[in-house]
Every structure is written in structure tokens, then in C-alpha cells.
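Right, one structure below, let's go through it.
The values are calculated or read from the model by the stated rules, or taken from the named source; none is laboratory data. Remember, predicted model here, so these are calculated numbers, not experimental data. As a convention, Cβ positions derive from the backbone with ideal geometry for all residues, glycine included, and neighbour counts pool all protein chains shown.
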Amino acid sequence: MTTHSHEDLPMADQDGCGDGCACGDAEAYETGLDPALAEMLEAAGLDPVEVEDIATLALAEDLAGGEDVTSVATVPADAVATADFTAREAGVVAGLRVAEAVVSLICEEEFEVERHVEDGDRVEAGQVLLSVRSRTRDLLTAERSALNLLCRLSGIATATRQWADALEGTGAVVRDTRKTTPGLRALEKFAVRAGGGANHRMSLSDAALVKDNHVVAAGGVAEAFRAVRAAYPDLEVEVEVDTVEQIAPVLEAGADLILLDNFTVAQLKEAVALVAGKAKLEASGGLTLATAREVAETGVDYLAVGALTHSSPILDIGLDLRA
């Protein structure tokens, strides 16, 4: 059981861009989250300040400058309860610490948290994931914002785990794309990791991906690759090709990774044989869970699946007050 207190922390000071903010200076800015919770978020590869900002925004959107009128009207101010975050269906959970951050920001009194499972765990319908004891009004006010994030992230983790299971033993890994919800990329890509997948680029600046429009602008696939390599010699460069004939010049130019766009299984096998381990290969376009293993068994290194973050259904999770 973990106990936190936010009695002296008004909502205005919980926002990462409030008074005294030192964005970009981790030592100067202290998050309003419980230190132990902040450490857990960091250990998961998440920035506690970013999580706090997202949680604050979600709560502000739900309250719209007012208060939870239904809870204020129906629940005594001094009532305290224990609420259980409970899975309504089987899946893989992700975002428990994010949900905890949301609840912690709205609670005006000391509250207790009991953690029953961890992000990345497979859970069954009816299983209690997280229990929180605090003022009843605060629990109900935080409920939807916490569940929106938890259900969304758990849905992504569940879908990713299905792909990871399908690829098990092949040596291939499912990867996400930048097709993420604006403002939630770090969280959604965390959910992919929790589900057993890998992340591609987090942004346009941390790796290069030469796509068809770059090729048109540069005058050719190999020309586009050489231009990027000359401008950014230390960055990994991936090049998208849509025919087997485009592979040889890109490979000769020194591409680190080649993205095979909308290749058939037969073409993927041909590409693997042609490259012969001289570069990593990523299959992309038209991939489905039903054909995932067949694609992986061609010998490609990655399967790029944008649907992980743009089309995964939520995992149904609810919040239940104990009677």
C-alpha cells in the first residue's frame, strides 16, 4: 500500500508550464507527482513532467473551469471510499501509472494506492488492476480522465501483444509508426513497448526515413539517400522502396535499413536474398494479423504496423466503488 499527499499542492502549481516552470531543465523543475510515482514513470521511459501535463490537460478539459456538479450534489464532502480499476475483458494492461497520476492530481486529501498488476501484464475479465482510497468526490471526478488514458493505452498494448505472439520465434519484430494521436505519442509508443513491440522514430529528428515524396524531390532513391547521409552522417537512414529493382542502388549507397512498401510475400523473399544481411529490412503496407507470420518467415527484420496506434480498439476497463 502506498500513501501520497497533495494537500498543499493547488491545481495551478501542478501544471508543467505554471509559475516557476523550467521546461527543458529537469533539475530546475520538480513535478507535482509523488516522487516514487515519478521514478516509476521514468523507469518505463516516460517523462513525469509530460505525463503530469497530459493528466492536467485531461482533467481541465473534463472540468471546463467548473466542478463535477453531479458528484458535488450527490456525495458528502467528507465521504471516503475505495475504488477498483477493474478489467471488463481480457487483454494486456498499459498506463496504470498514468491513471494513478491523473487521480493523484485531483485528490485534495491524502490517498492510498494498492497496485495489483504491472504494465505489460496479461489480465482477465473481472481482475482488479489498481485500487485507490481517497475522498469519494475526487475519485469520481478523476474517473473518466484516468479511464480514457488507461483504456486507450491498454487497447494498444493488447493489439501489439497479438502481433508479437503471431511473430514469436521468427526473429521479426512488430514496430509502430508516427501515426499517433497528437500530444499522446510518448504514451502510445510506451503502450506498444508494453505489448511486446518496438518503437520506430519518436520524431522527425531522431532518424531519417526517405519516402516517395523525398525521392521525387531529390530526383531518385539513391540520390535522396546520399543527400540525407551527407547532411546527417551520424543518423540512421532508412529508405523506402516499392520495387525490387530499387534495392541494389540503395544498398550500394549504404542504407542502414530498407523499407519494403507493399511487397508481396514472394517479393519479400527475393529482397531478403538480395540484401543478404547487409541492411535491415522492414515490411510495410497492407499487413494483417492473419498474414503476419507468413511475412515474418520471409526473413525481414521488422513489420511496420501503423494500426497499432491509429486503429486499436480500447480495452474495456471500469472504475468500481466498493460498497
### Task
Determine if the stretch 89-102 includes at least one residue that is over 16 Å from Leu187 (Cβ atoms), over 21 Å from the mean Cα position of the chain (by Cα) and not aliphatic (A, V, I, L, M).
no
### Task
Output the residue which, of all residues in the stretch 162-195 that are in a loop (DSSP other than H, G, I, E, B) and among the hydrophobic types (A, V, I, L, M, F, W, C), is nearest to Val98 (Cα to Cα).
Leu184
### Query
Considering only the stretch 121-165, how many residues are over 30 Å from Thr177 (Cβ atoms) and of a type in the set (A, V, I, L, M)?
6
### Message
Name the single residue that is nearest to Leu260 (Cα to Cα) among those in the stretch 272-323 being of a type in the set (Asp, Glu) and under 22 Å from the mean Cα position of the chain (by Cα).
### Response
Glu282
### Query
When you go through (1) hydroxyl-bearing (Ser, Thr, Tyr); (2) at pLDDT 95 or above; (3) surrounded by 14 or more Cβ atoms within 10 Å (Cβ to Cβ) one by one for Thr74, which number turns out not to apply?
(3)
### Task
Inspect all residues belonging to the stretch 77-93 and state whether any of them is touching a strand residue (DSSP E or B) at 6+ places or on another chain (Cβ under 7 Å), at pLDDT below 95 and farther than 16 Å from Leu321 by Cα.
no
### Identity of the residue in the stretch 120-161, outside any helix (DSSP H, G or I) and basic (Lys, Arg), that ends up surrounded by the most Cβ atoms within 10 Å (Cβ to Cβ)
Arg135
### Task
Can you tell me which residue among Val117, Val103, Val113 is surrounded by fewer than 24 Cβ atoms within 10 Å (Cβ to Cβ), touching a strand residue (DSSP E or B) at 6+ places or on another chain (Cβ under 6 Å) and outside any loop (DSSP other than H, G, I, E, B)?
Val113
### Query
Counting residues that are of a type in the set (S, T, N, Q) and either closer than 30 Å to Arg133 by Cα or out of contact with any Phe, Trp or Tyr (no Cβ under 8 Å at 6 or more places or on another chain) (or both), which strands (runs of 3 or more DSSP E) fully inside the stretch 226-323 reach at least 1?
280-284
### Query
For Thr177, are the conditions met, namely being of a type outside the set (D, E, K, R), crowded, with 17+ Cβ neighbours inside 10 Å and touching a residue at least 24 places away in the same chain (Cβ under 8 Å)?
yes
### Query
Restricting the first residue to the stretch 38-50 and requiring it to be in the same structural domain as Ser104 (by TED's automatic domain parsing), which pairs with a second residue that is aromatic (Phe, Trp, Tyr) meet a Cβ separation below 8 Å and a spacing of at least six or different chains?
Ala44/Phe190; Gly45/Phe190; Leu46/Phe190; Val49/Tyr29
